[in-house]
Amino acid sequence: MVKSMTGFGRVVLETEELSVQIELKTLNSKFLDSNIKMSYLFFDKEIEIKNLLNKKLERGKVNLNINYVSKKPDTNKMQVNFPLVSNYFKELKKSADELGTNDSDIFRMIMQMPDAYIKEQDQDAIEKDWKVVADALNQVIEKCTQFRMHEGEILKNELSGYIDSIRTLLKKIEELDPDRIKHVRERLQRQVNDLVSNENFDQNRFEQELIYYIEKLDISEEKVRLNKHLDLFQTTLESKTSSGKKLTFISQEIGREINTIGAKANFAELQKYVVDMKDFLEKIKEQLFNIV
């Protein structure tokens, strides 16, 4: 299964008691990198959310925005944050005494600070609301996954086309190989004739030249391995599991065989096909960056 790392999902849920709007965007990244924005009421759910994202999305840069608004009347009690207020009062009164200023307004000033009060939260109500949020979260992940699969199908078709193009070029190389072998043999014959006719004939050099051209002559193993790698790439594209990392490894093996064929070719017509193969392989590698 090919899934793109690029994805998007949006879900809006409205009930009589609350409103939830969740947006999920994913981009390509080597690992899962999640950025979550949500109400402080659900901060204790962050690990749970990250585990869910890791399980469902696997890889990618994830931006999750959970917008939660309660429609219920605010019945939570407010309490004075006594430890904080007490510390503020002591420190400010001490400063006022040292400066010889009036401390009559210190308490009123402290009580206007935003942290001077603590709101008691109804945990049962929060858990009830979280169930609604969690349901919306699962829906948005599913939408994002469907988006990724749709984009992945497009990528899969493009990759299959590139693999077919490389395979076609390989067939052209196979058709051209007899001419290449003839060319290499003729060149080898000329080299042998030049060496043998030379009065300063060097046996060691002759053997080195012979070994060099014999090695250049045969690319059959490289062609067989390249065909197998192309088959494996296509099979992996059709598999039901996420395949991005495996496809990357296979593409590296494809590159090695293409490079070896190019190094051994020593034939201008064949080199053109090798260059075209490398071009298609680069396009494959670019697309693999965006596959889960």
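Below, the figures for the structure above:
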read-out	value
Surface/4 estimate of mean projected area, convex hull on alpha-carbon atoms of the chain, nm²	28.7 nm²
Nonlocal amide H pairs with VAL80, under 5 Å, H built at 1.01 Å	ILE118
When the stretch 79-164 is reduced to its Cα atoms, the Kirkwood hydrodynamic radius in Å	18.7 Å
Among ASN193, ASN63, ASN28, residue whose mean-square fluctuation peaks in a GNM of the chain (springs only between Cα atoms under 10 Å)	ASN193
Cα-based helix-to-principal-axis angle, 46-57 vs the chain, degrees rounded to 10	30 degrees
Max mean-square fluctuation residue, GNM over the chain, Cα-Cα springs under 10 Å, options GLU16, GLU222, GLU48	GLU16
Computed label-point distance, nm, for sites GLU286 and GLU142 using a 7 Å Cα→Cβ extension	3.7 nm
Interchain or long-range residues, amide H under 5 Å from GLY60's placed H	SER29, PHE31, LEU32, ASP33
Distance from the stretch 146-210 to the stretch 269-292 (C-alpha centre basis), Å	16 Å
Percentage relative contact order, the stretch 1-154, counting C-alpha pairs under 8 Å, at least six apart	36 percent
Bins of 5 Å, starting at 0 and running to the largest distance - Cα pair percent for the stretch 78-118	5, 25, 33, 19, 11, 5, 1
25 Å Cα-Cα threshold exceeded, pairs from LYS45/LYS156; LYS37/LYS143; LYS37/LYS61; LYS246/LYS283	LYS45/LYS156
With 10 Å bins from 0: P(r) over the stretch 172-292, alpha-carbon pairs, percent	12, 34, 25, 16, 9, 4, 1
Difference of contour (0.36 nm per residue) and Cα-Cα distance, LYS37 to ASN266	76.5 nm
Theoretical FRET efficiency, 1/(1+(r/R0)^6), r = Cβ-Cβ of LYS94 and GLU46, R0 41 Å, to 0.05	0.55
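Bear in mind that the values in this text are calculations on the coordinates, not laboratory data. Predicted, not measured: the structure shown is a model, and the values here were computed from it. Here Cβ is always computed from backbone atoms with ideal geometry, including for glycine, and neighbour counts include all displayed protein chains.
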